[in-house]
Amino acid sequence: MINFDLSDEQRLLEQSVREWAGREVAPRIKDLDREHRFDAAIFPQMADLGLLGVCVPAEYGGAGMDYICLGLASEELEYVDTSLRVIMSVHVGLNSLSLLTWGTDDQKQRYLVPQAKGEKIATFGLTEPAAGSDARGIQTVAIKHGGTYRLTGEKMWISLADVADNFLVFAWSDPEKKKQRDPSGISAFIVERGMKGFSSGTLKEKWGILAGNTGYFKMDDVAVPEANMVGRPGEGFKIAMFALDQGRYTVAAGATGLIRACRDASVKYAGERRTFGVPIGEHQLVKEMIAQMESDYQAARLLWLRAGWMKNLGQRNTRETSLAKWFATVASERAASDAVQVHGANGYSDEYPVGRFYRNCKGAVIYEGTREIHKIVQADYLLGFRHDRPTRCELPPYGATATRT
């Protein structure tokens, strides 16, 4: 039976994140955004709240909360700014949950534990200059030499690229399968910033999420120990798709928070701004836009809550998470556009937050599966072209852990 009433623990987490983000980040976010400045001091504060390991079991240094809590944290963080939610997406969703499910116990001790405690920051490296939606188009290679793999390649549009310590990287480990574009030739590796031949940089020409760090990293014959391979040789593509399920979940919940932020800002402004002798909130077309935001918010929240409920049970949720991500991000784009419209000329100024919401929302419609990719996914399920079978790449149910050797 589905019950979306929040538990006491979930409500406390939601309220704690809301208060912290509203108190510590909201008053500064406009300046950080204007200055294109990422504040790394946010990390230890998030760690103190348990957010950097929110749904990682306590035995691995995490807070031991459930996957609904991960969604709640993502929604509350993006309510203030997308850059905060991005940290949850890449550090927790894409990287740490992949290690929790696919990593060996040694990898969990060496990497997951310090990440969950916030002692190390982690990110995810799949996208390349010539490979986005088509993950099989990556060119990074991993050539085995004895007990190491030598990685060479470049990853692009990587969140936290210039500040992270650990990187979950995907590369072709089978040259013949690379020629055939057979994804079973892709493997996953943990790369550390200090490894010789590794370098990174920040992209400075972004249009949105200006208070977040986005960049690239390069690997020039980086020697990675065989013990740092996550999963078995050739399982990298499966791991990447698994990771995207978790990242998309946080994006869906975050976009829901952005819809709510647009709604609240519009309601406030519609009660203050007067035209033709009355508050603009009395005009029917303004009411229509605000009503659409409320409808979208409620629907988006139910979609990501359903996906989170399935995660808690350890059920396959690729289809449900895809739908939640698609709907919530497209709805957030609509909400941000209408919020600017409600604000009129003032919406075109960064004196009001809605312009920032509008710039930030577009990225989520593109990354971790464009809206077009998700439309195809949903249609393929309905047409019978996708047949998800139970695999060992599902998240462990809440309260359990996955063990690999």
Here's a check for you: in the stretch 208-252, which residue that is closer than 22 Å to D105 by Cα and assigned to a loop (DSSP other than H, G, I, E, B) is most open to solvent (accessible area, probe 1.4 Å)? R232
Restricting the search to the stretch 7-20, which residues are open to solvent by less than 70 Å² (accessible area, probe 1.4 Å) and closer than 15 Å to E75 by Cα? Q10, L13, E14, S16, V17, W20
Please go through the stretch 288-308 and give me each residue that is among the hydrophobic types (A, V, I, L, M, F, W, C), crowded, with 19+ Cβ neighbours inside 10 Å and touching a Phe, Trp or Tyr at 6+ places or on another chain (Cβ under 8 Å), ordered by number. A300, L303, W304, L305, A307
Regarding the stretch 295-304, can at least one residue be identified that is polar (S, T, N, Q) and modelled with pLDDT under 95? no
Condition (residue is open to solvent by 60 Å² or more (accessible area, probe 1.4 Å) and under 30 Å from W157 (Cβ atoms)) applied to the stretch 270-287: is it met by at least one residue? no
Subset of the stretch 119-178 [within 23 Å of G363 (Cα to Cα), of a type in the set (D, E) and either more than 22 Å from the chain's Cα centre (by Cα) or at pLDDT 95 or above (or both)]: E128, E154, D162
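Looking only at residues in the stretch 345-374 that are surrounded by fewer than 15 Cβ atoms within 10 Å (Cβ to Cβ) and not acidic (D, E), which one is farthest from A255 (Cα to Cα)? Reasoning before the result, please.
Start the filter on the stretch 345-374 by keeping residues that are surrounded by fewer than 15 Cβ atoms within 10 Å (Cβ to Cβ), which leaves 345-346, 348-351, 372.
With the extra rule that they be not acidic (D, E), the set shrinks to 345-346, 348-349.
Working: A345: 24, N346: 23, Y348: 21, S349: 22 Å.
Ranking the candidates gives A345 first.
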Assigned to a helix (DSSP H, G or I), of a type in the set (A, V, I, L, M) and open to solvent by 10 Å² or more (accessible area, probe 1.4 Å): is that true of V86 in this structure? yes
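Going by the structure shown, is K206 among the basic types (K, R) and farther than 26 Å from V365 by Cβ?
On the way: among the basic types (K, R): yes; farther than 26 Å from V365 by Cβ: no.
When the stated conditions are applied, K206 does not pass them.
Residue-wise test of (1) acidic (D, E); (2) over 15 Å from Y269 (Cβ atoms); (3) free of Cβ contacts under 8 Å to residues at least 24 places away in the same chain; (4) part of a helix (DSSP H, G or I).
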site	(1), (2), (3), (4)
T329	no, yes, no, yes
A336	no, no, no, yes
V340	no, no, yes, yes
N346	no, no, no, yes
A364	no, yes, no, yes
G369	no, yes, no, no
Conditions (1) surrounded by fewer than 24 Cβ atoms within 10 Å (Cβ to Cβ); (2) in contact (Cβ under 8 Å) with a residue 60 or more places away in the chain; (3) not in a helix (DSSP H, G or I): number failed by V56: (1)
Report whether or not S98 is more than 23 Å from A300 (Cα to Cα), open to solvent by less than 10 Å² (accessible area, probe 1.4 Å) and at pLDDT 95 or above. yes
Residue pairs meeting the criteria (Cβ under 9 Å; at least 6 apart or on separate chains; first farther than 19 Å from I259 by Cβ and touching a residue at least 60 places away in the same chain (Cβ under 8 Å), in the stretch 279-297; second among the aliphatic types (A, V, I, L, M) and open to solvent by less than 30 Å² (accessible area, probe 1.4 Å)): I280/A270; I280/V286; I280/V342
Taking the stretch 21-45 and keeping residues open to solvent by less than 40 Å² (accessible area, probe 1.4 Å) and in contact with a Lys or Arg (Cβ under 9 Å, 6 or more places away or on another chain) leaves I29, D33, D39
Quick check on my filter: what residues within the stretch 167-187 are open to solvent by less than 10 Å² (accessible area, probe 1.4 Å), touching a Lys or Arg at 6+ places or on another chain (Cβ under 9 Å) and not aromatic (F, W, Y)? V169, G185, I186, S187
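For the stretch 215-231, which positions are of a type outside the set (A, V, I, L, M) and under 25 Å from the mean Cα position of the chain (by Cα)?
Keep residues of the stretch 215-231 that are of a type outside the set (A, V, I, L, M), which gives 215-218, 220-221, 225-226, 228, 231.
Matches in the stretch 215-231: G215, Y216, F217, K218, N228, G231.
The values are calculated or read from the model by the stated rules, or taken from the named source; none is laboratory data. Computed from a prediction, not measured in an experiment: that's the story for all the values here. Heads up, the Cβs are rebuilt from the backbone with ideal geometry, glycines too, and the neighbour counts pull from every protein chain shown. For accessibility, only protein heavy atoms count, side chains too; no ligands or nucleic acids. Shrake-Rupley method; radii C 1.70, N 1.55, O 1.52, S 1.80 Å.
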